[in-house]
Amino acid sequence: FDAFHEVQGQTLYWKLPHKFLGNKITAYGGTLKYIFTFSGTGNADRSADVILRGNEITLHHRAVAQPVADQENTVEFKITEAAFERQDGQPATREHLMMALANIDELLIKASYNDDCASTSLLFVSLEYADNTQGGAPALEVEQCVCPPGYRGTSCEDCAPGYARSGGGLYLGLCTKCECNGHATSCNAEHGFCENCQHNTEGDQCERCKHGFTG
């Protein structure tokens, strides 16, 4: 990118693509690594180097080393609460980070490093996360919880089929059983409305007969 003259005074970020987003809760303890170059002069841009947004939570990471113009710079750090701070500058907590990782909406990497930047390139990005296939190194910092009824996921971060977020409770909200009046077996996990109503019924809870039917 070299059109900085069109956005003078702004801090620009690369927006990572879809495969870096969504549920990345098993990235906890993994490594985010990226390599970039930039050219230009002027005062250093002190804005956050990485911005993580998810579940209405925004966390910032600030790199330790000052980048150098006209050479490849590598940033590498572990995805733990110690690497992030809140927007108000207070330290992030494990709860904040786990909630954000449960559904990443945006993962941004800084593109402008001084106030007279000429060009910038993002050369490489990788994000480690765990899966349950055999043969890899163990992800010792990723928890594998035994979830109560209504929850699923390695950290019980998702509602099980037939359950939806109630909006109440701590952290991501409680998962409560959907009420479909016996006419559906699944519901929307975030909003609670029933899906695929059977027996000629319709409505958010399959609570009424379709047009032309009585019951």
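Is it the case that some residue within the range 56-65 is over 14 Å from the mean Cα position of the chain (by Cα), acidic (D, E) and either open to solvent by 30 Å² or more (accessible area, probe 1.4 Å) or under 17 Å from K24 (Cβ atoms) (or both)? No - not one qualifying residue is present in the range 56-65. In this structure, E202 qualifies as without any contact (Cβ under 8 Å) to a residue 12 or more places away in the chain, open to solvent by 30 Å² or more (accessible area, probe 1.4 Å), in contact with a Lys or Arg (Cβ under 6 Å, 6 or more places away or on another chain) and on the phi < 0 side of the Ramachandran plot.
Residues in the range 8-20 that are closer than 28 Å to G136 by Cβ, in a loop (DSSP other than H, G, I, E, B) and open to solvent by 30 Å² or more (accessible area, probe 1.4 Å): P17 only. In this entry, A92 is excluded by the filter for residues that are over 16 Å from the mean Cα position of the chain (by Cα) and aliphatic (A, V, I, L, M). Consider the range 153-164 and keep the residues that are open to solvent by less than 70 Å² (accessible area, probe 1.4 Å) and farther than 16 Å from A130 by Cα. The one that is farthest from the chain's Cα centre (by Cα) is G162. Note on the range 75-93: residues that are open to solvent by less than 80 Å² (accessible area, probe 1.4 Å) and in contact (Cβ under 8 Å) with a residue 40 or more places away in the chain total 4.
Among the residues of the range 92-104, just one is more than 20 Å from F20 (Cβ to Cβ) and assigned to a loop (DSSP other than H, G, I, E, B), namely T93.
The set of residues in the range 94-109 that are open to solvent by less than 50 Å² (accessible area, probe 1.4 Å) and either without any contact (Cβ under 8 Å) to a residue 40 or more places away in the chain or not β-branched (V, I, T) (or both) comprises H96, L97, M98, M99, A100, L101, A102, E106, L107, L108. Of the residues S112, S121, the single one that is surrounded by 14 or more Cβ atoms within 10 Å (Cβ to Cβ) and either part of a loop (DSSP other than H, G, I, E, B) or in contact with a Gly (Cβ under 7 Å, 6 or more places away or on another chain) (or both) is S112.
Among residues that are of a type in the set (D, E) and at positive phi, E106 is not included. Somewhere in the range 130-152, is a residue open to solvent by 20 Å² or more (accessible area, probe 1.4 Å), closer than 30 Å to Q71 by Cβ and part of a strand (DSSP E or B)? Looking for residues that are open to solvent by 20 Å² or more (accessible area, probe 1.4 Å), closer than 30 Å to Q71 by Cβ and part of a strand (DSSP E or B), one finds none in the range 130-152, hence no.
Is it the case that some residue within the range 195-208 is closer than 28 Å to K33 by Cβ and of a type in the set (D, E, K, R)? No; the residues of the range 195-208 include none that is closer than 28 Å to K33 by Cβ and of a type in the set (D, E, K, R).
Is there a residue being at pLDDT below 90 and in a loop (DSSP other than H, G, I, E, B) anywhere in the range 194-215? I'd like the intermediate steps shown before the answer.
We begin by selecting, within the range 194-215, every residue at pLDDT below 90; these are 215.
Next, only the ones that are in a loop (DSSP other than H, G, I, E, B) stay: 215.
Yes, some residue in the range 194-215 is at pLDDT below 90 and in a loop (DSSP other than H, G, I, E, B).
The values are calculated or read from the model by the stated rules, or taken from the named source; none is laboratory data. Quick caveat: nothing in here was measured; it's all calculated off a predicted structure. Cβ: placed from backbone, ideal geometry, glycine included. Neighbour counts: every protein chain shown. Surface areas here come from the heavy atoms of the whole protein model, side chains and all, with no ligands, DNA or RNA. Shrake-Rupley method; radii C 1.70, N 1.55, O 1.52, S 1.80 Å.
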